């Protein structure tokens, strides 16, 4: 009887503990894994900074995680709604009306509406330091026509106005409670999918904004780890200490490293068409390059396919267009010329140069050009310069590669103190207007960026295109490209691909529309 | 004794002044316009020539070099190094955040170099021409010849990428400091172990070592009891020099292991032509060099009466 009693007692206990143990064993890992899921770890080349929307200090790529614009730059330059659900441009182009999203709050709980939007826009629009943005320069007034309706009145039409509203800063929206008494930003509080919870010089930690109006990320936190060294970044990805690296403005991945990483089965490399072009530019003040035929001889001596194969390891497209096709209004494609050393020599002869041994002479002067490069300004440019030097030497054009630091190139480029140099177009979302206005118009102060080429005739063509509206824009933009080609004002070389890499923990990796943004919202994570 | 220390301290201060003047002049002579960089930071693409000029006037960049040096030195003595052109933060704040990282790295590396160099040197001396002595000599030679970045890359490839034992970046856990500390310690450890080995060999041929053997001590006993104290001065002097040189090594090690210390700050300042940060960091390096060497000098004065007598004479 005692045994029966014991077994009667024991059985339910046994069952109870078995069920409990099973539950603990099954549920605990689920709960603990949910709690302890590692954040998505993305490498960044430099610290994030304070993310002040009005200062030119912080890393551009982090802004888009925290702050939203009215309009977003989408695939191939398509304008997509963000904080504005719809917009309308008046026929004369001087009135931009926006209907704002109504279910949005900043991450500190402050509601987003026409008043907060207007307060944000008035922080920078019409201010002299933001005159480089056309819509700011032309702003006359900002009206709130309803709780969620906003109108920007301009003194003149700004055809690129909507594109300007997609750039990274200062156009994004900050909580009005995140400023001090003088109006200076005190914290990065936006309406975006992520909230900054820790920010120092070694990392930035973000947590999901659970009140985000758009599709919320599937994981709860993200760590941006500052790793300035490219080799250390790729090792970190391969060892599992990082999940994603890449992007010119996030944590650049060189073509050579990308090619090596393709052999690692635990890493996936993504190479997609880029939005920038690398250009060989001619100084308009160089006496040796005044004759267009010399510039043509240089262009004819260049083998772009070899540059793509050797310098870019195949991760680039040879081009003679100023902009790649993914850029809006990038114009008709120009057929890639074949390298032709014989024709190049013939051009030099037509220009009055005489062959003497392995060099060209004219009025006792040797055709020797200085190619100024800075590895800091454009990574890989020294090797590229050496390759161009080799290619031009076959024609007999001597090239002296002058490798300088970033500060020197900043000083010399604006005053055209070189014969040849490399430049890059700005890329999406700044192009085509950014490059055309800043790097081709002689009257615009582009500071240390310098100019691709300047010419009074070109100024007229560019200005006319920038002012054009509607279908006329396509024709007038094409006129710029035609002028550049007809005058051999610049020699575009390649359009590098956008290179990223991620490890097997990352799923559904999709590149953002521009390299100024960070992947993350659509990504899924597995442990 | 006090006079000796005071004289050494004055000499150290004079050295700091001379070295800081030289570095200030060299950095000022380098190409690049500080005002243009500040203008670019504040106004972005809107940075105009007028803005650059007004910034140059505000900062007194057009003043003569000695005036600028005096102003900078006075500010530095008061802890005001200016603002970083790259981050916009006060450099003193950057130092306060980063000094513990570099300090920990140097202390860990210094401790490893100190301990292992003595062990290796002593083992070599015990083996005295045997296979172990030869092996340790070869290890020291390789350690002294291998550059930091190469050693760091090999360690990461082996322990992080291949074996997955240690994190590729430092700072996340105690284990994450192992590879950076070993990397930075390798060169000084190799040099110091040779200093120990060679000096022990020399000391062991002296009469007091022979007396030790005659008194019945083993080779290890003579080495530990008689020889080691006699190499303290050359060892400490070399250790001081090697320890200060580790700050140069920290530039590479911090970059490779993603540590945000003073070394990484310096290399970022160079990369971005952040002249103000470069000058401040170089000044901190100079002070560090001079301070550690002064400390070693004082320790040597304290432990070796012969130096005190020589200095007094």
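With a ≥ b ≥ c the root eigenvalues of the C-alpha gyration tensor of chain A, is it rounded (a/c under 1.5), prolate (a/b larger than b/c) or oblate? Oblate, since a/c reaches 1.5 and b/c is not below a/b.
Given R0 = 41 Å, the distance between the Cβ atoms of residue A:460 and residue A:343 translates into a calculated FRET efficiency of 0.85.
The length gained on full extension between residue A:400 and residue A:354, counted as 0.36 nm times the residue separation minus their Cα-Cα distance, comes to 14.6 nm. Label zone of residue A:264 (point 7 Å out along Cα→Cβ, amide N under 15 Å): in the stretch B:159-185 this covers B:159-169. Modelled spin-label separation between residue B:224 and residue B:132, with each label point placed 7 Å from Cα along the Cα-to-Cβ direction: 1.3 nm. Checking the a/c ratio against 1.5 first, then a/b against b/c, what shape does the Cα gyration tensor give for chain B? Oblate is the answer for chain B, as a/c is 1.5 or above yet b/c matches or exceeds a/b.
With the simple model of a label 7 Å out from the Cα in the direction of the Cβ, residue A:366 to residue B:232 spans 6.6 nm.
Counting only other chain Cβ atoms within 10 Å of each residue's Cβ, the peptide B:265-278 averages 2.
Which order results if B:275, B:95, B:291, B:257 are arranged by neighbouring Cβ count within 10 Å, fewest first? Don't skip to the end; give the middle numbers.
Numbers: B:275 21, B:95 18, B:291 13, B:257 29.
With the fewest neighbours first, B:275, B:95, B:291, B:257 line up as B:291, B:95, B:275, B:257.
Label the stretch B:82-198 by shape, choosing from rounded, prolate and oblate, from the square roots a ≥ b ≥ c of the eigenvalues of the Cα gyration tensor; if a/c is under 1.5 it is rounded, and otherwise prolate applies when a/b is larger than b/c, oblate when it is not. Working shown, then result.
Numbers: a/c = 2.80, a/b = 1.86, b/c = 1.50.
Since a/c reaches 1.5 and a/b is larger than b/c, the shape of the stretch B:82-198 is classed as prolate.
Of the DSSP beta bridges with both residues in the protein assembly as shown, give the percent that are antiparallel, rounding to the nearest 5.
Expressed as a percentage, antiparallel bridges in the protein assembly as shown total about 80.
The ranking of B:204, A:139, B:1 from fewest to most other beta carbons within 10 Å of each one's beta carbon is B:1, B:204, A:139.
In what sequence, highest mean first, do A:298-305, B:61-68 appear when ranked by Cβ atoms within 10 angstrom? Could the numbers behind the result be given before it?
Details: A:298-305: 21.1, B:61-68: 12.4.
Put in order of decreasing packing, that is A:298-305, B:61-68.
For each of A:343, A:374, count neighbouring Cβ atoms within 10 Å of the residue's Cβ, then give the residues from fewest to most. Present the calculation step by step, with values, prior to reporting the outcome.
Details: A:343 16, A:374 22.
Ordered from fewest to most neighbouring Cβ atoms within 10 Å, A:343, A:374 come out as A:343, A:374.
What does the average come to when, for each residue of peptide A:237-244, you count the partner chain Cβ atoms lying within 10 Å of its Cβ? Walk me through the numbers on the way to the answer.
Values: counts 2, 6, 13, 5, 11, 3, 0, 0.
Whole-number average of other-chain Cβ neighbours for A:237-244 is 5.
Applying 1/(1 + (r/R0)^6) with R0 = 25 Å to the Cβ-Cβ distance of residue B:61 and residue A:127, what FRET efficiency is obtained, to the nearest 0.05? Could you put the intermediate results ahead of the total?
Working: r = 26 Å, r/R0 = 1.03.
It comes out at approximately 0.45.
For the segment A:406-412, counting C-beta atoms of other chains within 10 Å of every residue's C-beta and taking the mean gives 5. Please compute the Kirkwood hydrodynamic radius over the stretch B:93-272, one decimal place, Å, based on all pairs of different Cα atoms. It is 17.6 Å. Shape analysis of the stretch B:169-223 yields a ratio of the Cα radius of gyration to the Kirkwood radius, Rg/Rh, of 1.32. Spin-label model, residue B:309 to residue A:216: label points 7 Å out along the Cα-to-beta-carbon direction sit 8.1 nm apart. Principal axis extents of the C-alpha atoms in the stretch A:68-164 (largest first, rounded to whole Å): 36, 30, 25.
Listed highest first by mean packing, meaning other Cβ atoms within 10 Å per residue, what order do A:125-136, B:8-19 come in? Provide the component values of the computation, followed by the final result.
Working: A:125-136: 19.4, B:8-19: 13.8.
Ranked by mean Cβ neighbours within 10 Å, highest first: A:125-136, B:8-19.
Every number in this text was worked out from the coordinates using simple rules, so none of it is lab data. Model, not experiment: these values are computed from the prediction. Cβ: placed from backbone, ideal geometry, glycine included. Neighbour counts: every protein chain shown.
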